[in-house]
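Contents: one structure, followed by commentary.
The values are calculated or read from the model by the stated rules, or taken from the named source; none is laboratory data. Values in this document were obtained by computation on a predicted structure and should not be read as measured data. Positions of Cβ are backbone-derived with ideal geometry, glycine not excepted, and every protein chain shown enters the neighbour counts. Calculation scope for accessible area: heavy atoms of the full protein, side chains included, ligands and nucleic acids excluded. Shrake-Rupley method; radii C 1.70, N 1.55, O 1.52, S 1.80 Å.
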Amino acid sequence: QVQLVESGGGLVQPGESLRLSCTTSGRFFSSDTMGWYQQAPGKEREWIAAITGAGNPYYSDSVKGRFTISRDNAKKMVYLDLNSLQPEDTAVYYCNVVMANSRSRPLIDNWGQGAQVTVSS
């Protein structure tokens, strides 16, 4: 069974940065396209970034230029650097394996617990 585990969330002030991490088990990681999703309070979970096995990144317009996705295939880790955080970035962030030809579509039904990010002064 595939497991997804996110970490690195926390409480930060506006303008600060955080790095989120995600590890997976049960899959051949290096060929997977991985994605990050954001679920703000009271809202649906939304796709925000993806990275192919070769390291090509893709972003939603809402985070392009502020968030950076990266991966370390040797460690089976994918990262999301959140920069210039604002209160509206407050959300739970999830990772998932995504479809290579439809990068916003998650493949794993069993989501992880997510990483809570709270941006507040």
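Details
- Scanning the stretch 13-38 for residues that are within 17 Å of E88 (Cβ to Cβ) and open to solvent by 60 Å² or more (accessible area, probe 1.4 Å) yields Q13, E16, S17.
- Matching entry among Q38, Q86 (being under 15 Å from the mean Cα position of the chain (by Cα) and polar (S, T, N, Q)): Q38
- Some residue of the stretch 14-21 being modelled with pLDDT of 95 or more, among the hydroxyl-bearing types (S, T, Y), closer than 19 Å to Q1 by Cα and not in a helix (DSSP H, G or I): no
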